[in-house]
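Reviewing the structure listed below.
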Amino acid sequence: MEMENLVTGRHPSHVNLPRESSVTAADLVMGLTVIIPAYNEAEFVGDTIRSLLAQTVPPDQIILVDDGSTDGTGDVGRRAGITVIRPPHNTGSKAGAQNFALPWVRTEFVMAIDADTTLEPSAVERLMQSFVQTGVGAACGFVLPRRIESLWERGRFIEYLFAFSFYKQVQDYYHRPMISSGCFSMYRTELMRRHDGWPGRTLAEDMDLTWSFHQAGVGVRFVPEAVCYPIEPYNFRFMRKQLHRWSHGFIQNVTLHWKGLLTVPFLRSAVAGFLDRAAVACRHAKERVAAAGVFHRRPRDPGPDTDGSDSAS
């Protein structure tokens, strides 16, 4: 596949591309490239692509990273007329898939969006407005579940309403959003290249990248008018896996960044608050488990020939 076809996104077939590492900041052109990392997302990625094409400011390039899918995910992208690239083997993470596509981004801005996430029609336009400020390197939007049917989806809807209507607004007031959400965020391409793309050293690459930006003095903004709708876990099994990943990713990032956090006043206070609440939650959980053990433990049956004591006869 020729490079001009990659840039325009018009090539109709599956491709494996050699890496290009010679692109410099001076080579970047004004515009936006969207990267969609996807592994077996044929059911949802079509909605994501249509949502991007329907934007008031549509992206100049959409790259779908078919990360070893076996369900025809790449075919969905090819039918939509966007660029589809496929690593030689599964990269093992969303960060890996996004980094695979980063070397071919030729635009000043790059956006990452999950393959199961759709956008309000003006979401891209509203995020791009944040970059009028030269110090801003990343921007994220308001997140709401696309489906609100099961108990778990309804709980997540309430959680997001509170988090993004209150916590995120306060964080943005101090110019310190704790996370530029991985499901929908936009960045300056040159900045991402200087930071070697999305980090893959933790389970929460979006938190890792955001905290690195704060420590480097890079501006991160939250734009509540830019709304996205991901598919959230619909049952306990999937919710548990997601929360396990998020909680472990948070601890990994605290361990990794704790020295740097001390230099970012609001962020260190916010992280300390989360750690305190997590400690309280763990303590209550242990107490409940212990109480359940006391009330549900069945007494030992001493048998017909003993009095229940442990002493030998």
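Worth pointing out:
- Restricting the calculation to alpha carbons of region 3-234 gives Rg and Dmax of 16.7, 50 angstrom.
- Take 128-138, 103-113 and order them by the average number of nearby Cβ atoms within 10 Å per residue, most first; the result is 103-113, 128-138.
- A simple count of charges around PRO145, restricted to other residues whose Cβ falls under 13 Å of its Cβ and scoring Lys, Arg +1 and Asp, Glu -1, yields -2.
- Per residue convex hull volume, Cα atoms of region 141-269, in Å³: 106
- The length gained on full extension between VAL57 and ASP196, counted as 0.36 nm times the residue separation minus their Cα-Cα distance, comes to 47.3 nm.
- Over all other residues within a Cβ to Cβ distance under 11 Å of ASP206, the charged ones net out to -2, with Lys and Arg as +1 and Asp and Glu as -1.
- Net lengthening on full extension, VAL170/ARG245 (0.36 nm per residue, minus Cα-Cα): 24.5 nm
- C-alpha center-to-center spacing [region 123-157, region 170-184] in angstrom: 10
- Average Cα contact separation per residue, region 3-234, under 8 Å, 6 or more apart, as relative contact order %: 25
- Of all beta bridges that DSSP places with both ends in region 3-234, some 35 percent have antiparallel geometry.
- Using the Cβ-Cβ distance between GLN252 and ARG79 with R0 = 30 Å, the FRET efficiency computed as 1/(1 + (r/R0)^6) comes to roughly 0.20.
The numbers here are math on the coordinates, done by the rules we state, and not lab data. Remember, predicted model here, so these are calculated numbers, not experimental data. Counting neighbours? That spans all protein chains shown, and the Cβs are built from the backbone with ideal geometry, glycine included.
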